[in-house]
């Protein structure tokens, strides 16, 4: 299970965090996304990608442990809804990034769902993701709980650089998505693995 959150300070510093809980183990992956480059919505979307990247890196271990579903939780309904479609508009590049990663996991027989959880309601996973996003906002680069990874490359408009495959082909890769129109579905899980 992953909890994700984004944070933006009044002076424009932005951080994103994904906190994982699997059985009795916890871990996190956090990124400082710079100053003035992104809004909190973008940081929330970036955090989805962090969680999926970490899951992809650990997929063999997860598969050996019988994991077939990756559940994620976020307190941002807007980010959850945006991750579920590829139409043009704010967050499109980040939604494509998320959906490409969901497709990688699906190719390894692991489905991906994102669930909404109320923010600041005492949920330990969500509170830890919020705390880690605030720490990331004040730090530098991307970090894991037990190591460091390179700082993500961000375009001047705040979007992540596209994958090498997309750069070579000049075309976006196909992405998984779901859509929901009724209020019940908006609060339900978003399956990104279809």
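The values are calculated or read from the model by the stated rules, or taken from the named source; none is laboratory data. Everything numeric in this text was worked out from a predicted model, so none of it was measured. Glycine also receives a Cβ, built like all others from the backbone with ideal geometry; neighbour counts cover every protein chain displayed.
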Subset of the range 18-40 [over 15 Å from residue 3 (Cα atoms) and in contact with a helix residue (DSSP H, G or I) (Cβ under 8 Å, 6 or more places away or on another chain)]: 32, 33, 38
Test for residue 82: is it modelled with pLDDT of 90 or more and touching a helix residue (DSSP H, G or I) at 6+ places or on another chain (Cβ under 7 Å): yes
The listed residue being free of Cβ contacts under 8 Å to residues at least 24 places away in the same chain and more than 12 Å from the chain's Cα centre (by Cα), out of 57, 39: 57
Residue 69, sole failed condition from (1) in contact (Cβ under 8 Å) with a residue 60 or more places away in the chain; (2) in contact with a strand residue (DSSP E or B) (Cβ under 6 Å, 6 or more places away or on another chain); (3) surrounded by fewer than 22 Cβ atoms within 10 Å (Cβ to Cβ): (1)
Selection status of residue 52, free of Cβ contacts under 8 Å to residues at least 12 places away in the same chain and assigned to a helix (DSSP H, G or I): no
Residue check for residue 56: under 17 Å from residue 29 (Cα atoms), modelled with pLDDT of 90 or more and touching a helix residue (DSSP H, G or I) at 6+ places or on another chain (Cβ under 9 Å): yes
Of all residues in the range 103-150 being part of a loop (DSSP other than H, G, I, E, B) and closer than 23 Å to residue 90 by Cβ, the one that is modelled with the lowest pLDDT: 119
Of all residues in the range 82-115 being touching a strand residue (DSSP E or B) at 6+ places or on another chain (Cβ under 8 Å) and within 20 Å of residue 130 (Cβ to Cβ), the one that is surrounded by the fewest Cβ atoms within 10 Å (Cβ to Cβ): 115
